[in-house]
Every structure is written in C-alpha cells, then in structure tokens.
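Only one structure is covered here, and it is reproduced in the block below.
The values are calculated or read from the model by the stated rules, or taken from the named source; none is laboratory data. Small disclaimer: the values here were computed from a predicted structure and weren't measured. Here Cβ is always computed from backbone atoms with ideal geometry, including for glycine, and neighbour counts include all displayed protein chains. Heads up: the accessible areas ignore ligands, DNA and RNA and are worked out on the full protein's heavy atoms, side chains in. Shrake-Rupley method; radii C 1.70, N 1.55, O 1.52, S 1.80 Å.
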Amino acid sequence: MQPSEHTGGVERAAARFASASEPVWHSRGYLPHFEAGEVAQHIVFRLADSLPRRIVAAMAARLADLPASQIELERRKRTERVLDSGYGACWLRQPEVAQIVEGALLYFDGDRYRLHAWTVMPNHVHVLVTPLGANTLSGIVHAWKSYTANKANRIVGACGQFWQSEYYDRAIRDDTHFTAAVFYIAANPVKAALCADPIDWPFGSARLNGA
C-alpha cells in the first residue's frame, strides 16, 4: 500500500452525524460496535501490550462501584490516560512503523471511507472517519490492523499479536462534537507531553491542517 494524496483539510461539511436517540460509544467487549453507515466516528485502537493486566484489573475494580450509565464513559477516560502514559513496547514510536500505519489510514481515503483527522501515538491510534457506501466500520478497522500488523512485526522482529483485538468507536453527534473530536485528536500528543504544538507531531493530520 502507498498513501493516497490527502488534501489536509478537515471535511466537516461532508460528515454525517448520529441522531440524538442513537448510542454514541461502544466497545466490542461490552456492547456491539455502532454500525450506522455513513456516520462520522472517532475510533481508537491500540497495541496489544499497551494496557497491562494489573491495570485493567484495578480499573475494573474501581469502575464496579459506579452507576451502569457512567461505566463506559469513565472506562474510556481512564483507558486514554493510561495509554498516554506510554505503557508497553510503544512500537509506533519508531518512524518506519508509524509511517506504515499512517499510510494505511490514507490509502483508501475517499474510496472506502472519508478520513477527517488522525494521530498515530506511540502505543495507540486515534482516527476520525466516515465509512462510505457498503463499507463497515469493523471491516475498515480490521483491514488497517491486519495489513499494518504484518508489516510492523517484520520491522520490529516480532511474531506475536501486534494490535489489541478490541477497539473503541464513538459516533459523532453534531458539528460541535465533530470539532471537539478533531481538536482532541490533534492535541493528544501535546497532552501526552510528546510535543509542544499539535503541528509538530510528525504522524497526524494536524501537521497538514495547520491546527
């Protein structure tokens, strides 16, 4: 795969949103993924070793005391804080590996999906994307992970599981939510103290969008 040419613009006007009555956050381990056709979604997928079992167990114990309506949102927040701490081998910190992942994201932009924003972090990836036509969100994410895992394992000299089988998806509700997701994705490297400005991060759409 070779990256397609990306315009560098955030295509807000082209994005469709989930209705207010539809659920907006799912996780395969707890709820079915949200498949709604051409609806913009914020996707997070991570390396297999990015969340140590002891941390997952401790997190589950703390979440058990929360009301059921709050568990998924709090799980996401805590998971993202742990990911930003940089656990695991952080294979995506290697430029050659990060380039493979970014290239895979860009390759079918405008064909199978519309890619709005992305950031390749050291141990996880954020993507804001709208599936196109009959292409499903799960199929798109599977293709990204399958292709990049094979390439990356050869580079790092590994043969085990590269990506965690789980991924998170959050349907975008409206323009305000869309803008907030773009900002969050761009700012993630700054929040994790990896750079001072989003445009300085070499593996994200912010450097192309200038924001």
In this structure, is Ile155 aliphatic (A, V, I, L, M) and without any contact (Cβ under 8 Å) to a residue 60 or more places away in the chain? no
If Asp65 satisfies all but one of (1) surrounded by 14 or more Cβ atoms within 10 Å (Cβ to Cβ); (2) of a type in the set (D, E, K, R); (3) without any contact (Cβ under 8 Å) to a residue 24 or more places away in the chain, what's the number of the condition it fails? (1)
Can you list residue pairs whose Cβ atoms sit under 9 Å apart, with the first residue in segment 39-59 being closer than 25 Å to Ala180 by Cα and open to solvent by less than 20 Å² (accessible area, probe 1.4 Å) and the second being in a helix (DSSP H, G or I) and among the charged types (D, E, K, R)? Count only pairs 6 or more apart in sequence or on different chains. Val44/Arg76; Val44/Glu80; Phe45/Lys145
By my count, strands (runs of 3 or more DSSP E) wholly in segment 92-211 with at least 1 residues that are surrounded by fewer than 16 Cβ atoms within 10 Å (Cβ to Cβ) and under 16 Å from the mean Cα position of the chain (by Cα) are 163-171
For segment 166-184, pairs from a residue that is within 11 Å of Val39 (Cβ to Cβ) and touching a residue at least 40 places away in the same chain (Cβ under 8 Å) to a residue that is open to solvent by 20 Å² or more (accessible area, probe 1.4 Å) and of a type in the set (Asp, Glu), with Cβ under 8 Å and 6 or more apart or across chains, are Ala171/Glu22
